[in-house]
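Remarks on the structure that follows.
What follows is calculated from the coordinates using simple rules that are stated; it is not laboratory data. All values derive from a computational prediction rather than experimental measurement. Backbone-built Cβ (ideal geometry, glycine too); neighbour counts: all protein chains shown.
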Ligand SMILES: Cc1cc2nc3c(=O)[nH]c(=O)nc-3n(C[C@H](O)[C@H](O)[C@H](O)COP(=O)(O)O)c2cc1C
């Protein structure tokens, strides 16, 4: 006698089998949409991007400065945090809208400025701008973008455009760009302040990132199975950097005194304020002292950012700086954050810890490389769904309800007591690690959450 009874079996009917044979419906999807439909995370889009893009531009996006420690730790900061969900809340409707710098955004994130976007995919900034318009979120054009100010504005006339400025050695050209951006309806000026010189990005040298792309044996082999990227490159208008002026040779603009101005200081904010009538944001703040100084100088917003780990290596993860900065200056200045954001849960965590808004860099660039404009739409779909799910599981139904108490920041690195600064710059107190603990907790719940009244 068998110990266990056998399965009660029967002959399968055709109707039992057909549900398993039903093909996934992809009708009505374009080729590019089909390609990205199976990507379910930004990391999936990154893998697809790597297959489809030559090594030079892919690694230009994917890499960081020096040993890429800043880049890795910014990601770890998000990976390590813990959520504290509230239960039994009615979350059948979740609203992801928020306001940033006086206007509504359908999602609590926007697309940050990135240079050279047409090198990643020939559709470039115009495609990203249209996707941002469809998503109802802002997007910033970089000074070293590959689309002119007028073309960018024309690509998505209904969208909100920000203009990112690297101050050029040629001050007159900077002023002409600001005037042109305002004339084309850009409403916010983002001044990047972490790039007095360019970080040492070793992958650019290793993977032969150059403009125009150089065909060596290595890049030729690499190109041979990325035919679409090359076809797109060769059959569309050549790149034109945003800072270029018709009739002025590129070399003339870049040769004089170095391209960007390394002598810019807080004093320069005065003439920028005169030249720009809308909100001004400083992007690349990395200490509490500088955040306070920026707020005192009257700027409308700051972005805690280490440029995606592409500038100073070992710079502090912006997420670790966020709670103290939000508590100190969040009432007078809108505090935003970028670097390392790859999931909707990351966005939610940053907002809970006091960010008014989050900017993305690589997340949308991977998507663009993976599937052009359809890829960027897919990235928005993925992130929107992740944000909604995370909010619902946390027990909140609106961006306003997110609080520091929803997140515990955990650091796998403890700051040594003997070297910890006692100054105001110390971003957050790290608890003493217990004898068995390999991580330490950054206390956030004690911090008051300060916000501009009514700006959310
Ligand atoms: C390929 C690439 C180009 C970038 N170019 C610019 C730029 O021209 N101006 C700027 O202010 N920031 C630039 N950034 C930085 C982004 O605006 C943003 O700070 C950073 O990408 C955020 O990190 P994340 O990529 O991890 O999201 C660039 C980033 C990347 C990846």
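Here are some notes:
- Segment 1-127 pair-distance distribution - Cα-Cα, 5 Å bins, rounded %: 2, 6, 7, 11, 14, 13, 11, 10, 8, 6, 4, 4, 2, 1, 0, 0
- Counting only DSSP beta bridges whose two residues both lie in the chain, roughly 30 percent are antiparallel.
- Once the chain from residue 289 to residue 262 is taken as fully extended at 0.36 nm per residue, the excess over their C-alpha distance is 7.7 nm.
- Per-peptide average of other Cβ atoms within 10 Å, ordering 10-18, 74-82, 342-350 highest first: 342-350, 74-82, 10-18
- Extension gain from residue 67 to residue 401, taking 0.36 nm per residue of separation minus the Cα-Cα distance: 116.4 nm
- Span from the segment 182-247 Cα centroid across to the segment 20-79 one, whole angstrom: 19
- Relative contact order computed over segment 260-347 (Cα-Cα under 8 Å; 6+ residues apart), in percent: 27
- Packing-based exposure ordering (other Cβ within 10 Å, fewest first) of 25, 262, 324: 25, 262, 324
- Segment residue 17..residue 221, full-extension length gain: 68.9 nm, with 0.36 nm per residue of separation and the alpha-carbon distance subtracted.
- The shape of segment 238-381 comes out oblate: with a ≥ b ≥ c from the C-alpha gyration tensor, a/c is at least 1.5 while a/b does not beat b/c.
- Remark on segment 282-367: ratio of C-alpha radius of gyration to 2.2 N^0.38 Å is 1.01.
- Largest-first principal axis extents of the Cα set of segment 24-77 (Å): 46, 27, 11
- The rule of thumb for compact globular proteins, 2.2 N^0.38 Å, goes into the C-alpha radius of gyration of segment 117-246 1.16 times.
- Cα-projected label distance for residue 90 with residue 47, points at 7 Å along beta-carbon direction, nm: 4.1
- Normalised by the number of residues in the chain, the mean separation of alpha-carbon contacts (under 8 Å, six or more apart) gives a relative contact order of 25 percent.
- Taking only the Cα atoms of the chain, the ratio Rg/Rh comes out at 1.01, with Rh defined as the Kirkwood radius.
- 10 Å-binned pair-distance histogram of segment 345-404 (Cα, whole percent): 23, 46, 26, 6
- Spatially, segment 120-150 and segment 266-296 are offset by 24 Å when compared through their Cα centroids.
- Listed from fewest to most Cβ neighbours within 10 Å, the set 230, 276, 162, 271 follows the order 271, 230, 276, 162.
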